[in-house]
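Visitor: My structure is below; once you've seen it, I'll send some questions.
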């Protein structure tokens with residue numbers, strides 16, 4: 001949920017949820033929230049060894065990683081563990097290290113595809 005600034009919030013729904021609920025971007029929805037007593041905080045996925053190794057070899061990126069809030073780290077790890085190919089892992093690790101070390105996130109022109117740039121904007 002993202003604050004609007006007037007005390008209300010925007011709720012971003014995943015595309016699959018919008019399909020199932022037959023909603024579109026901008027629709028008003030009613031949401032029921034309940035507490036999950038079995039939830040345990042912390043990353044649901046362990047950090048991939050290949051990403052941990054890359055951070056260890058890049059002190060500036062490691063510092064950037066350490067400065068991220070745990071919720072952002074968890075989101076990034078969730079994204080990284082779902083990368084299937086070694087090429088995607090290498091490409092995304094290179095981009096992550098660049099951003100964590102203080103570089104700018106890629107625009108769609110620099111990244112090559114709008115899809116890739118959108119992924120990075122969503123996790124950074």
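What follows draws every value from the coordinates through simple rules; no lab data is involved. Here the structure is a predicted model, which means the values were calculated and not measured. Glycine also receives a Cβ, built like all others from the backbone with ideal geometry; neighbour counts cover every protein chain displayed.
Visitor: What's the exposure ranking of 9, 35, going from fewest to most Cβ atoms within 10 Å?
Guide: On the way: 9 11, 35 6.
Ranking 9, 35 by Cβ neighbours within 10 Å, fewest first, gives 35, 9.
Visitor: If you don't mind, there's one more thing I want to ask. Got a sec? How would 98, 37, 14 order by Cβ neighbour count within 10 Å, fewest to most?
Guide: On the way: 98 17, 37 5, 14 8.
Placing the least packed residue first, the sequence is 37, 14, 98.
Visitor: Cβ neighbours within 10 Å, averaged per peptide: list 64-74, 87-97 in order, most packed at the top. Write out the running numbers ahead of the final one.
Guide: Values: 64-74: 13.3, 87-97: 16.5.
Per-residue mean Cβ counts within 10 Å order the peptides as 87-97, 64-74.
Visitor: Also, I was wondering about something else. For the residue pair residue 87 and residue 72, what label-to-label distance in nm results when each label sits 7 Å from Cα along the Cα-to-beta-carbon direction?
Guide: 3.0 nm
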